[in-house]
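Here the structure is laid out as C-alpha cells; the discussion comes afterwards.
The values are calculated or read from the model by the stated rules, or taken from the named source; none is laboratory data. Treat the numbers as computed from the prediction; the structure is a model and nothing was measured. Quick reminder, even Gly has a Cβ in these numbers, built from the backbone with ideal geometry, and neighbours come from all protein chains shown.
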Amino acid sequence: MTVISVVIPCKNEAGNIVALVEGIDRALTPHAPFEIIVVDDGSTDATGDAVLARAESMPHLRLIRHDRSGGQSAAVHSGVLAATAPIILTLDGDGQNPPEELPKLAAPLLADASGQIGLVAGQRVGRQDTWSKKIASRFANRLRAWVLDDHTRDTGCGLKGFRREGFLRLPYFDHMHRYLPALFARDGWQIAHVDVTHRPRGEGRSNYSNIQRALVGVVDLMGVAWLLRRRKKARPITGKGTE
C-alpha cells in the first residue's frame, strides 16, 4: 500500500523538474512504496514531455496536465484528488525546496498514532530569494498572522505535509495553499511546524510577481478571516440512545 504521495505543482519548469523528481526518489527511498505526482499547470514549454520521458523508467512517477493555468492551489488540489496515499507531501517545482527535507515533513504524520495532526508546515530558514521578495513575504506573513492568528511564521513555503482526508474537506478557493495552517486549525486539526532549508532557483523564472501576490492576498485574507468566523462550532457526539 502506498503511504505517501508527493504532489508537485509546476508551470514551465522543464529545466528543473527531472532533477527534482530524481532527488525526491532518493530522499524517500526509505519510505517506499510512494508515488510522485507532477501537476503541469498549463505549461507552454516541455515540462510535461520531460516528466513523461522520465516516467518510462520511474513507474511511480505520474503526470497530470491542466488544460490551462489555474494557479498553484488548483494544481495542488488536482494532485491530491489523484493521489492514492493517505499522507500528502508537497513542494514547489522550481527546485528551491530541497527534497531532502521531505522526510522531516512526513515524520510527525507517520508517528501520530492518534491521527490528530493534520498539517506539518515547513518554515524556511536562510531563504534564497531577492531582497524585494523577502520584504514582500515578510510583510504578508506578519499581516496574515495578525489577522488570522495562525501561529505560523511562513505559510508561503511549498514544503508541506498533510492528511489527504483533511485537505479534501477544506473549502477550495484559488490561493488557498497560503492559508492551510488556519484552514486545518479551523477544522480542529493540530498543526506542527518544522524548519526547512531553501535553495536558489534553478532554471527559468518565477511565474508570479510581488504585485500580483499583494493584490490577491488582501482579498483572500479577508475571505479566510470570514471563513474562520463562520466555522461549524458544534460536533456530533455518541452515547447511549444516540447510535
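What pairs come out if I take residues in segment 215-243 that are modelled with pLDDT under 75 and pair them with residues that are in a loop (DSSP other than H, G, I, E, B) whose C-beta lies under 7 Å away, six or more apart or interchain?
As it stands, the answer is VAL216/HIS175, since those pairs meet every condition given.
Give me the residue from segment 1-19 that is of a type in the set (A, V, I, L, M) and not in a helix (DSSP H, G or I) and, out of that set, surrounded by the most Cβ atoms within 10 Å (Cβ to Cβ).
VAL6
Residues that are surrounded by 13 or more Cβ atoms within 10 Å (Cβ to Cβ), part of a helix (DSSP H, G or I), modelled with pLDDT of 75 or more and out of contact with any Phe, Trp or Tyr (no Cβ under 8 Å at 6 or more places or on another chain): does segment 141-164 have at least one?
So far as segment 141-164 goes, yes, one or more of its residues are surrounded by 13 or more Cβ atoms within 10 Å (Cβ to Cβ), part of a helix (DSSP H, G or I), modelled with pLDDT of 75 or more and out of contact with any Phe, Trp or Tyr (no Cβ under 8 Å at 6 or more places or on another chain).
Taking the criterion of being part of a helix (DSSP H, G or I) and more than 24 Å from GLU165 (Cβ to Cβ), would at least one residue in segment 91-111 satisfy it?
Scanning segment 91-111 turns up at least one residue that is part of a helix (DSSP H, G or I) and more than 24 Å from GLU165 (Cβ to Cβ).
Across segment 74-91, what is the number of residues that are out of contact with any Leu (no Cβ under 8 Å at 6 or more places or on another chain) and touching a residue at least 60 places away in the same chain (Cβ under 8 Å)?
Counting residues in segment 74-91 that are out of contact with any Leu (no Cβ under 8 Å at 6 or more places or on another chain) and touching a residue at least 60 places away in the same chain (Cβ under 8 Å) gives 10.
How about segment 90-111: which of its residues are of a type in the set (Asp, Glu) and either in contact with an Asp or Glu (Cβ under 7 Å, 6 or more places away or on another chain) or within 17 Å of ASN16 (Cα to Cα) (or both)?
If the condition is that a residue be of a type in the set (Asp, Glu) and either in contact with an Asp or Glu (Cβ under 7 Å, 6 or more places away or on another chain) or within 17 Å of ASN16 (Cα to Cα) (or both), then ASP92, ASP94, GLU100 are the ones that fit.
Given the conditions (1) surrounded by 17 or more Cβ atoms within 10 Å (Cβ to Cβ); (2) modelled with pLDDT under 80, and given that SER209 satisfies all but one, which numbered condition is not satisfied?
Looking at each condition in turn, SER209 falls short on (1).
Regarding segment 20-32, can at least one residue be identified that is at pLDDT below 95, assigned to a helix (DSSP H, G or I), closer than 25 Å to PRO86 by Cβ and over 17 Å from the mean Cα position of the chain (by Cα)?
yes
Let me confirm something: among SER57, SER78, SER43, SER69, which residue is among the small types (Gly, Ala, Ser), at pLDDT 95 or above, surrounded by 19 or more Cβ atoms within 10 Å (Cβ to Cβ) and part of a loop (DSSP other than H, G, I, E, B)?
Selected residue: SER43, the only one of SER57, SER78, SER43, SER69 that is among the small types (Gly, Ala, Ser), at pLDDT 95 or above, surrounded by 19 or more Cβ atoms within 10 Å (Cβ to Cβ) and part of a loop (DSSP other than H, G, I, E, B).
Got a sec? Which of LYS104, LYS133 is basic (Lys, Arg), at pLDDT below 90 and either out of contact with any strand residue (DSSP E or B) (no Cβ under 6 Å at 6 or more places or on another chain) or within 17 Å of SER5 (Cα to Cα) (or both)?
Testing whether each residue is basic (Lys, Arg), at pLDDT below 90 and either out of contact with any strand residue (DSSP E or B) (no Cβ under 6 Å at 6 or more places or on another chain) or within 17 Å of SER5 (Cα to Cα) (or both) leaves just LYS133.
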